[in-house]
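Notes to accompany the following structure.
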Amino acid sequence: MKRADHHLVQQVLDGEISREGFDGFQRRLRQDPELIKLYGSYASLNHSLNEELEDGQTDPLTAGGRQAMLRAWRIPLIIAAALAIAFIAWSLPQWFYGSKNSGDVAIASFSIDAAWRIDGPSKILGGTTALSTDSTLHLQAGRASISLKPSDSLVVEGPVSLRFPSEESIEILNGKCLVQQSGRNHSLVVSSPQFAKITSGKRFGVFVDPEQKSDEVHIIDGNLQVQPRKERSPTQLVKGDAVRSVDGAATTRLPQQTRTFANRLDRFNSLPLMPFRKSDWRASYGNPSITETRIEGANFATIRKFQSPLPLKENSVLLVTLQCAEPATGKFHSDGWAGMSLFSQGTEMVFLGDPYGPGPSWGLDVKNAEPPSPRATNTIGSATMTIRYDSGTGSISLHEGGLPLKPAIYSGKIAPGTRFDELRLGASAGAALSVTSLQVRSRGE
């Protein structure tokens, strides 16, 4: 590529290109096979790396897998930059500039553990979601990366709610949000319950606590102006500053680095539990049938020990998805119990399945949870269920189905930092269990 081509791409990335210039850039992409081939080769490389890390022969949750992951991530930064260019070259023609005419003001991508709902118009665009003017995004869990314009983006971590009055303004209703503006013209206007305007920032985080009527702004890079709702003029802030406004009053200074803000979507590593292998499981009692696609039996318990306690890291997330079918013999629902348990140092911490007692129903039993977990749900019979646990906050939730997550059936809290070292599948006397799929994923950052 010529130096002029690099300059053109940089203009697009920085949002410093006119409408006419961007139209010319689109035409060039359609007409230049060498440019398309270059972008395609980088995209193919990225896809291959993802397959190797997430679905390959190496277990990313073992020591060898972690070493392989570290080697894979030592790719020159130039490749990462080219991948970003390739993505933008593909995605921008879909909505940039045209989004204003269609009413779309933001494009959101979600992490695999995200659970959300949108109030107002929205539509699915491939693997992303387009939000229209005045739509409100409620992210209950996980993370979202949101593009407003080529030069403006957000990264949010649930629970958080955002409203999008236009492509040049956002309103943060609650939670944490990282705002990033790469162009020279920082025209995005951010507001919150206590701040009427937050403008001109290059990179900053906002934390909104509606219960305390307290909003915070943390400047990571660049200069910034903030104007509390009860103040007539804005306050100028610089890199490293952090301020709080309570009930819209004048700001007070905060110590630096008092909060952290997510800056990208989560990457999850999968524990290769399937195909099932009998050698991976230790029978506690009974004699279950273990094939590559099913673990089934009555009056049995079999245990899978994790090589390292999960989640792997502090402030991480664990996803466990269990799929059960009707047993060939016996009953899943009985006066006994049948299901899956997670253990920590020999203590059963979480049970998912049909609990002890009469009445056919799936239930969740989380030890010492607040509020108490539901021992009965509206789900009966064959089903897929997913548990999400955030070790940083102690939040634990149950979702019907697999990924992407549906809104939680139950949300509660246990002790932060809890780590699980064993998983048990089993059924009591008079009960049966048939597991057709079991997926365990841990966030690795």
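For the stretch 384-435, just say rounded, prolate or oblate: build the C-alpha gyration tensor, square-root its eigenvalues into a ≥ b ≥ c, call rounded for a/c under 1.5, and beyond that prolate if a/b exceeds b/c, oblate if not.
oblate
Run a plain Debye calculation on the stretch 236-388 (Cα atoms as equal point scatterers, no solvent) and give log10 I(q)/I(0) at q = 0.13, 0.17, 0.20 Å⁻¹, rounded to two decimals, same order as the q list.
So the normalised log intensities are -0.75, -1.12, -1.47.
What distance in nm separates the simple spin-label points at ALA376 and GLN256, each placed 7 Å from Cα in the Cβ direction?
Here the answer is 5.7 nm between the modelled labels.
Within the stretch 138-160, what residues put their amide N at less than 15 Å from the label point 7 Å along the Cα-to-Cβ vector of GLU168?
Residues passing the 15 Å test: 148-152.
With a 10 Å radius around each residue's Cβ, average the other Cβ atoms per peptide and rank 193-205, 274-286, highest first.
193-205, 274-286
At what distance in angstrom do the alpha carbon centres of the stretch 252-269 and the stretch 325-353 lie from each other?
38 Å
Using the Cβ atoms and a cut-off under 14 Å, what net charge is assigned to the surroundings of VAL246, where Lys and Arg are +1 and Asp and Glu are -1?
Taking every other residue near VAL246 into account, the sum is -1.
Tell me which residues come under 5 Å, amide H to amide H, from SER166 once H is placed; ignore anything under 5 positions away on its chain.
Distant-sequence amide H within range of SER166: ASP134.
No lab work stands behind these numbers, since they all come straight from the coordinates. Keep in mind it's a predicted model, so treat the numbers as computed, not measured. All Cβ positions, even for glycine, are placed from backbone atoms using ideal geometry, and neighbour counts span all protein chains on display.
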